[in-house]
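Where a number appears in this text, it was derived from the coordinates with a stated rule and is not lab data. This one's a predicted model, so the numbers in the text were calculated from it and none came from an experiment. Heads up, the Cβs are rebuilt from the backbone with ideal geometry, glycines too, and the neighbour counts pull from every protein chain shown.
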Amino acid sequence: MNLYELTISSASKLLNEKKISSVDLTKAIFERIDKVEPKIKAYLKVLKESALAEAKESDKRRKAGKTLSKIDGIPLSIKDLFCTRDVETTAASNILKDFIPPYDSTIVKRLKDAGMVMVGKTNLDAFAHGSSTENSDFGPTHNPWDLDRVPGGSSGGSAAAVAADECLGSIGTDTGGSIRQPASLCGVIGLKPTYGRVSRYGVIAMASSLDVVGPITKTTEDAALLMEIIAGRDPLDATTLDVPVPKYSDNLDRNLKGLKVGIPKEYFTSGMDKDVEEIVKGAIKKLESLGAKSVEISLPHTDYALATYYIIQPAEVSSNLSRYDGIKYGFSTLRKNKNQALEEVYFSSRGQGFGDEAKRRIMLGTYVLSAGYYDAYYRRALKLRTLVKQDFEKAFNSSASGVDVIITPVSPTPAFKIGEKTSDPVKMYLSDIYTVPINPAGVPAISTPAGFVNRDGKNLPVGIQIIGPILGEEIILQVSHQLEKAINIKQKPDI
Amino acid sequence: MIKKDDVLLVAKLARLQLTDIQIDKFSRQLNGVFDLFEKIDRVKLEGVAETSQVTGLGNVLRDDKVVPDKSQDILRNVPYRKENLIVVPKIIAEKQ
């Protein structure tokens, strides 16, 4: 077996048994990157020199018996939305090109303190606005299973890098599906934790009431391992929850006998690819064969969730992106011409610095928040958010014979072709239809590979979404782990 | 229905310079997005509370402690500065 094909947990074991070194492992990853990266384009920046130095340090620690954690010496990638001290952080946007953060985001700091080897910063839709990475201002990432197709987005670079064995795991963000949808389209695990479970400090903000940070990995066990490091209260993010972090990886072998699985009827309507539907139903049958019981449930406001999301999210985007003004940092027309008036600097720096999708969302958000439209759109969306959230609370209510987990598709189709949806934003937005209701509700959900569909002679992965109640990461990881073992996918992309 | 004038007004409010081609394109595309929003009028929302965050957390306080100063690192990214000051252009332009 090639070293780059290892999972985090298997590599960790081999490192501890001193059968491999972190330097060997890291070198293997960079050889892999040299080979496949010209086709995949998952990375915006590869940090070979510093990564090899970090690997050397890790090996030294191990030799001295001072290993920091299970991920000490493990090569990971980070979505380029996370501030990394002294390493350019762009959010894949021109307006942040050359931006050098003066500090590490909390999650990067925690991973560094645990001994991570940082391989590089991965591509994304600029500012995480998108479902395909085609909105990256620096060019799209390609799906390892079919290079003509998108890897999903916005964390498409992370998912593609994991699927193509260009790192052992990655950290992404999810505002409306940005971890789960690319994980599904690339055939890897993607966990969107409960809102507030993981710190957002130092993550370039998209929509602050919806953004969450989570792992993208080859196995559920690896996602559990990374969660143990990244989850938990952070004094620098006041929205993090002060709740102890379970040892997720110790409790994965749960027997699913008697587990109550809810199947929301609103998610199985027209618009879903027939082959995708077959795979989702097959996964539900697998869970039943493991002893779970499935019941049809209703999440009655599902139909309004997409509209609610596409009002609240741009509203928060327009507010968060107002900080890019050409005065404090980032792209600025002032750098070339110091004789401009303030308004000119604002208009020209933002006009030239933001891409089309950022502009669309800023304008949408500004519109729904503006006088005369606030009540009709934004306020109504905040009320609808309550109803969407209550749908999930009722479904999981244990005192009213609620379910343990909910199963749905992740994406209505497998990976689509590059260029297929770029001219029609609504088409692109609709590819998130099964993932966006989760974020306004704040509940956790995981995308787990469940099978393949064949398109143009290529096998394309399809994932299913396992949704849990607030702080229910433990149970969705358990179900994902059991399903992963039962389905036992061995196939790898041929790049 | 989003008209060209709406796009112009919103772009002005958001301090975005747009080209003529962009104005036409965005007018068309934003209309498509607003079609998605039409259905929200069908739900009865009287008496429903608003949700702006889901954690239920209230005020979160911290100790009033001095932390290390990072101003030099932060200033590194400023487009136009004089020593430790950020230069902000004139707010009112001079008459040409």
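For B:LYS25, go through the lysines and keep the ones whose alpha-carbon is under 19 Å away, minus same-chain ones fewer than eight residues off.
Partners found: A:LYS359, A:LYS421, A:LYS427, B:LYS3, B:LYS4, B:LYS12.
Would you mind giving the three semi-axes, in whole Å and largest first, of the ellipsoid equivalent to region A:60-195 according to its Cα gyration tensor?
Ellipsoid semi-axes (Å, largest first): 25, 18, 13.
Starting from the Cα gyration tensor of region A:426-466, multiply each eigenvalue by 5, take the square root, and state the resulting semi-axes largest first in whole Å.
24, 15, 4
Please compute the Kirkwood hydrodynamic radius of chain A from all pairs of different C-alpha atoms, in Å with one decimal.
In chain A this quantity evaluates to 22.5 Å.
For region A:155-197, take the convex hull of the Cα atoms, compute a quarter of its surface area, and give me that in nm², please. Numbers along the way, then the final one.
Values: hull surface 11.1 nm².
Projected over every direction and averaged, the Cα hull of region A:155-197 covers 2.8 nm².
Rounded to two decimals, what ratio of Rg to Rh does chain B give with C-alpha atoms and a Kirkwood Rh?
Looking at chain B, the ratio lands at 1.15.
What shape does region A:173-213 take by its C-alpha gyration tensor, where a ≥ b ≥ c are the square roots of the eigenvalues and a/c under 1.5 counts as rounded, a/b above b/c as prolate, and the rest as oblate?
It comes out prolate by the Cα gyration axes.
Roughly how many debye, to the nearest 20, is the charge dipole of chain A about its Cα centre, given +1 on each Lys and Arg Cβ, -1 on each Asp and Glu Cβ, and no other charges?
Dipole of chain A, to the nearest 20 debye: 580 debye.
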